[in-house]
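Participant: Quick one: structure below, then a few questions.
Rule-based calculations on the coordinates, nothing more; no lab input. Just so it is clear, the model here is predicted, and its values are computed rather than measured. Backbone-built Cβ (ideal geometry, glycine too); neighbour counts: all protein chains shown.
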Amino acid sequence: MGFGQHIFVCDKAIAPFVVVSKTYNPFIVLDNVKNTFSPYFDKVWFQNSSVYHFSMFHASHHIESVPATEDEIKAEANAVKAVADSLCPLKIVLDRVVLTSTGVLLGCWQVISGTDPLTIRAKLKTALPHAPKKQLYDAVILHTSFARLLGHPKSSPMEPSDELRFFHELVARLNNKIRGFEAVVSELWYVEEYDVLALALDGRMKVSRFKLGCRRT
């Protein structure tokens, strides 16, 4: 990263890491996503299941970069740690999987217990006053990218209405398999991404991990 007071421009995301309980395993999700979609598509990108995560807040992002010195980055990481100390682990359940118009398979989660996502993001906003005013996600939503479809189905060409119906059928099939999957979130990550979407694409990044301490303030 360099030395002294150099200015660094990188995306700095705060993302909780999904740590599964003994009963559930993220590879179950990955296997079911692959088994449902791989037979019908030549090109599919699958998120690395070992880093399933939610992007909770951005101290900097590609739309509004916020330069920072090494000292400022350390101060931000310490501020995120202080927030993590005050948060309680989240027990979450997969409510549904949806397919966006850009081909992304998103898992949408509901919180069963623990600190509310709205509270988490509000605390991070207070702790990181120089962060972009416009964040990239709705403050109450928790979602995880499972995969992205990179083309049309490999079967014979379909009419648009038939293709849409086919997509709906595959998503419904996947929901029947993994809806209700439970997990426990017990860490908050401060991620310095040196490549675009490094956390999603296994790019260059530096990760600081902080346990959720559930301490009363």
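Participant: Using +1 at the Cβ of each Lys and Arg and -1 at the Cβ of each Asp and Glu in the chain, identify which of T100, T115, L128 lies farthest towards the dipole's positive end.
Facilitator: T115
Participant: Counting only pairs 8 or more places apart or on different chains, how many lysine pairs in the stretch 97-217 have C-alpha atoms closer than 25 Å?
Facilitator: Total qualifying Lys-Lys pairs in the stretch 97-217 comes to 11.
Participant: With N set to the number of residues, divide the alpha-carbon radius of gyration of the stretch 16-135 by 2.2 N^0.38 Å and report two decimals.
Facilitator: The stretch 16-135 yields a ratio of 1.26.
Participant: I've got another one for you. From largest to smallest, what semi-axes in whole angstrom does the stretch 89-217 give when each is the square root of 5 times an eigenvalue of its alpha carbon gyration tensor?
Facilitator: 33, 19, 13
Participant: A follow-up question, please. Where does each of 99-107, 52-60, 73-81 land if you order them by average Cβ count within 10 Å, highest first?
Facilitator: Result, highest mean first: 52-60, 73-81, 99-107.
Participant: A further question on this structure: Under a Cβ-Cβ cut-off of 12 Å, what is the net charge of the residues other than W109 that fall near it, where Lys and Arg count +1 and Asp and Glu count -1?
Facilitator: Local charge sum for W109: +1.
Participant: Once you charge only the Cβ atoms, +1 for Lys and Arg and -1 for Asp and Glu, what is the size of the charge dipole of the chain about its Cα centre, to the nearest 20 debye?
Facilitator: In total the dipole reaches around 600 debye.
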